[in-house]
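A quick write-up on the structure given underneath.
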Amino acid sequence: MKERMKIAVLASGRGSNFMALAGACREEGYPAEIALLISDNTEAGALVFARETGIESVVIDCGPKRGSMSLESSEEMYRLCRKRRIELVCLAGFMRIVKGRLLEEYAGRMLNIHPALLPSFKGLHGQKQALDYGVRYSGCTVHFVDTEIDTGPILIQKVVPVMEDDSEDSLSERILAEEHKAYPEAVRLYAAGRLRIEGRRVLTSDE
Ligand code: GAR
């Protein structure tokens, strides 16, 4: 049997994208497995799910600065990932900007999911930004992580309509349902070796 690609998920909160990925990994023939969950938050729901489902989890203190991570924590994450032969790092609601060793060593091997159609509405609260701007469609984006925020080459986007009576919560919920499809699809393509990056474009080859 072909060995499945080992992935690490980084999550700060609820962890529904982590759960969606874990669900996909349980499907027969899925080319990846989650070998490690890393969180910067001892209260993260993702940790509870990891413990319940037997996925190894680690909490790493990323430092007091909100949205940022210390270089030491980046080094530690890299060390953990290397030791477990992690080939892909997936940010799933990880609320810190990744920098340092982890980012350098996993360049081109790190994905993020964002709750808007990039390049619109980067950064925090992508759903609220879309609502406030008045767009008719928003959605989610899975992209490679580079040195800027939410700017890396785009793998998958899914579109959702914005309804006139939407609140931030209702729009977020509709987008989240698509996130849970988009991330497993993106990881499947990556782990199956079906992606090629040409400049800014991510090209997909047939199975
Ligand atoms: C998701 O909507 C994800 O797209 C977003 O945080 C949420 C995490 O939910 N990420 C960002 O906003 C990153 N800038 P989850 O913990 O249930 O997966």
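Listing for the model above:
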| read-out | value |
| --- | --- |
| Candidate lysines - alpha carbon under 30 Å from LYS99, same-chain residues fewer than 8 apart omitted | LYS6, LYS65, LYS83, LYS122, LYS128, LYS158, LYS181 |
| Amide H partners (placed H, <5 Å) of SER12, local residues excluded | PHE94, MET95 |
| MET95 accessible area, assembled protein chains, probe 1.4 Å, Å² | 120 |
| Column: log10 I(q)/I(0), Debye, Cα scatterers of the stretch 13-84, q = 0.21 Å⁻¹ | -0.97 |
| Relative contact order %, the stretch 130-207, counting alpha carbon pairs below 8 Å whose residues are six or more apart | 28 |
| Using a Förster distance of 35 Å, the FRET efficiency for ARG109-GLU173 (Cβ separation, nearest 0.05) | 0.70 |
| Note, ³J(HN,Hα) from phi for the stretch 13-29, Karplus 6.51, -1.76, 1.60, rounded to Hz, x at Gly and Pro | x, 3, x, 5, 5, 4, 5, 5, 5, 4, x, 4, 5, 7, 6, 5, x |
| Electrostatic dipole magnitude of the chain [Cβ: Lys, Arg +1; Asp, Glu -1; Cα centre; debye, to 20] | 640 |
| The stretch 64-78 - phi-based ³J(HN,Hα) in whole Hz, Karplus 6.51/-1.76/1.60, Gly and Pro as x | x, 6, 4, x, 10, 10, 6, 5, 5, 5, 5, 4, 5, 5, 4 |
| The chain: relative contact order as a whole-number percent, Cα under 8 Å and 6+ apart | 18 |
| Residue-count net charge about GLU148 - beta-carbon cut-off 14 Å; Lys, Arg +1, Asp, Glu -1 | +1 |
| Neighbour-limited loop hits for trypsin sites (Lys or Arg not before Pro), the stretch 144-207 (at most 11 other Cβ within 10 Å; DSSP other than H, G, I, E, B) | ARG200 |
| Table column - 3J(HN,Hα) (Hz), the stretch 150-158, Karplus curve with 6.51, -1.76, 1.60, x for Gly and Pro | 6, 10, x, x, 8, 9, 9, 10, 10 |
| Given charges at Cβ of Lys, Arg, Asp, Glu: the stretch 1-86 dipole, positive-most of MET19, VAL48, GLY29 | GLY29 |
| Calculated [θ] (222 nm, deg cm²/dmol) that DSSP helices of n ≥ 4 give over the chain, each run adding -39,500 (n - 2.57) | -10500 deg cm²/dmol |
| Amide hydrogen neighbours beyond the local backbone of SER138, cut-off 5 Å, H modeled | VAL160, VAL162 |
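The values are calculated or read from the model by the stated rules, or taken from the named source; none is laboratory data. Computed from a predicted model, the values in this text were never measured in an experiment. We place every Cβ from the backbone using ideal geometry, glycine too, and count neighbours over all the protein chains shown. Just the protein is used for accessible areas: all its heavy atoms, side chains included, with ligands, DNA and RNA removed. Shrake-Rupley method; radii C 1.70, N 1.55, O 1.52, S 1.80 Å.
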